[in-house]
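To keep things clear, I will list the structure first and then write my remarks on it.
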2 protein chains.
Amino acid sequence: MSKHVQYGQYCPLAMSSEFLCTRWTMLVLRELLFGSSQFNDISRGVPRMSRTLLSSRLKELIEVGVLTREEGAGSLVHYRLTNAGKALGPVVMSMAGWGQEWLKIEPSVEDIDVGLLMWDIRRNIKPMPQLPNPFIVEFFLTDVPESKSQHWLISEDDKNDLCHIDHGFDVDVYIKVSAKKLTKVWMGWEDFATAIKDRELIIKGDEKYTRIAVKWLGQSSVAGIKKQPEENRI
Amino acid sequence: MSKHVQYGQYCPLAMSSEFLCTRWTMLVLRELLFGSSQFNDISRGVPRMSRTLLSSRLKELIEVGVLTREEGAGSLVHYRLTNAGKALGPVVMSMAGWGQEWLKIEPSVEDIDVGLLMWDIRRNIKPMPQLPNPFIVEFFLTDVPESKSQHWLISEDDKNDLCHIDHGFDVDVYIKVSAKKLTKVWMGWEDFATAIKDRELIIKGDEKYTRIAVKWLGQSSVAGIKKQPEENRI
DNA sequence: CTGCATCCTCTTCGATACTG
DNA sequence: CAGTATCGAAGAGGATGCAG
């Protein structure tokens with residue numbers, strides 16, 4: 001099996017996990033650590049993982065004691081990390097950080113799962129008091145098939161939603177960019193302002209909102225980790 | 001598969017790896033990080049791993065780029081971590097640390113591989129200027145079959161050797177203890193001085209040497225990590 | 001929405017025996 | 001010392017369809 005293909009994710013944690021970890025377990029933990037608690041939400045964060053296997057992994061984690069399963073109203077179920085599970089945060093971050101620092105990840109950007117990218121971004125959108133409620137951002141991705149090019153991000157009442165069908169939204173900010181460039185900027189591999197200056201990322205809307213875009217858009221949690229110079233990476 | 005059986009090791013890294021990691025990979029990295037470079041030395045640190053699989057894992061690590069294979073004189077081969085590989089140290093330690101802090105590990109002490117325990121201790125023996133050269137310690141383990149009860153640790157010229165056959169050594173220090181207690185003390189779960197005071201660990205020899213035993217004997221590298229109170233562990 | 005049951009395939013791993 | 005070759009058993013994982 002060639003490198004960097006198993007998970008189909010640009011996430012450095014996924015890259016590191018490919019040779020270090022039990023298949024999918026780390027990525028499931030990442031989803032849980034980053035706040036997903038419902039089965040389908042977790043599943044969207046690991047789209048190439050079969051639901052059968054996800055189910056089985058969740059059971060393993062419960063068995064070990066890092067996860068609990070709480071049944072809510074109706075058939076709603078919440079998976080929540082125990083204290084021991086939450087304490088795995090630094091372990092997961094150290095592995096992701098190692099990947100960000102040492103691995104050649106850019107090649108993986110050649111085949112991006114845009115649904116996953118948007119799902120990742122959605123998770124990190126930071127609601128800010130200056131923004132309207134709801135706050136709606138339209139993404140137009142220039143380098144993907146038409147059916148996957150449009151995405152609307154709706155941030156309302158501290159809850160972020162994602163949609164890929166046009167419901168005639170009242171869009172506050174419009175962003176046009178290639179999925180490739182968006183990934184690089186979001187991963188911290190390239191600079192947001194530079195991408196705008198080079199017209200590789202076009203952002204339109206009230207200047208009140210666009211000026212602080214880098215703040216509400218957020219970045220991957222490993223974006224801040226310095227990378228080794230290209231020649232040192234593996 | 002039940003918990004804590006796969007690797008047959010009391011090491012918290014092994015426990016954590018059982019549900020997080022690709023089989024054996026972390027433990028192989030541990031051996032490399034702690035200084036083993038030859039195939040057979042690595043193999044002794046993971047005695048339940050088949051040599052076939054070890055060979056295959058080493059190749060994977062080389063393929064990924066965290067390890068190199070250098071052929072030396074004769075048929076001597078050295079495996080050495082690359083810089084990227086060495087940088088995995090904190091990842092490995094964070095995982096081991098999590099295990100030490102959060103896992104109920106003591107049950108695993110019920111079935112100790114004494115060869116592995118002694119091999120671990122050998123690796124960490126700290127040569128000290130006050131000690132004679134060679135410095136020879138005899139261990140007598142009270143709770144294991146007679147054939148496995150005697151071990152001699154020879155520290156000479158900054159190189160530590162292990163022997164389980166009596167060659168009529170000129171023993172400097174003699175230690176009599178159960179393998180169980182020795183493990184607990186060495187892992188930092190129980191106190192060395194207390195074990196001596198309670199006569200659970202008997203140490204004989206020149207007081208110059210026995211007085212500072214805790215220093216040259218060393219401890220597991222995770223011994224310093226605080227454990228959660230028993231009721232929080234999983 | 002949250003899964004489980006089943007079937008079937010592919011991979012992984014260990015045991016054993018052998019080589020330079 | 002440092003592995004490799006081969007074989008068979010066991011396990012992991014995906015696809016699909018169904019159910020509360």
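Every number here is computed from the coordinates shown, using simple stated rules; none is lab data. Remember, it's a predicted structure, so these values are computed and weren't measured experimentally. Cβ coordinates were reconstructed from backbone atoms using ideal geometry, including for glycine residues, and neighbour counts include every protein chain displayed.
Descriptive notes on the structure:
- Meeting the requirement of 2 or more residues that are in contact (Cβ under 8 Å) with a residue 24 or more places away in the chain and within 14 Å of another protein chain (Cβ to nearest Cβ), the helices (runs of 4 or more DSSP H) wholly within region B:60-143 are B:83-86, B:89-102.
- Of all residues in region B:53-70, those satisfying the criterion of being basic (Lys, Arg) and more than 23 Å from the chain's Cα centre (by Cα) are B:Lys59, B:Arg69.
- Among the conditions (1) touching a Cys at 6+ places or on another chain (Cβ under 8 Å); (2) part of a loop (DSSP other than H, G, I, E, B), A:His151 misses just one, which is (2).
- Residue check for A:Arg69: crowded, with 18+ Cβ neighbours inside 10 Å and basic (Lys, Arg): no
- Residues that are within 15 Å of DNA strand D (Cβ to nearest atom), assigned to a loop (DSSP other than H, G, I, E, B) and not small (Gly, Ala, Ser), drawn from region A:34-54: A:Gln38, A:Val46, A:Pro47, A:Arg48, A:Met49
- Positions within region B:102-139 being closer than 24 Å to B:Gln38 by Cα and small (Gly, Ala, Ser), in sequence order: B:Gly115
- Looking across A:Glu31, A:Glu60, one residue alone is within 14 Å of DNA strand C (Cβ to nearest atom), buried (at least 19 other Cβ atoms within 10 Å of the Cβ), acidic (Asp, Glu) and within 27 Å of B:Val92 (Cβ to Cβ). It is A:Glu31.
- B:Cys21 more than 14 Å from every other protein chain (Cβ to nearest Cβ) and under 22 Å from A:Gly85 (Cα atoms): no
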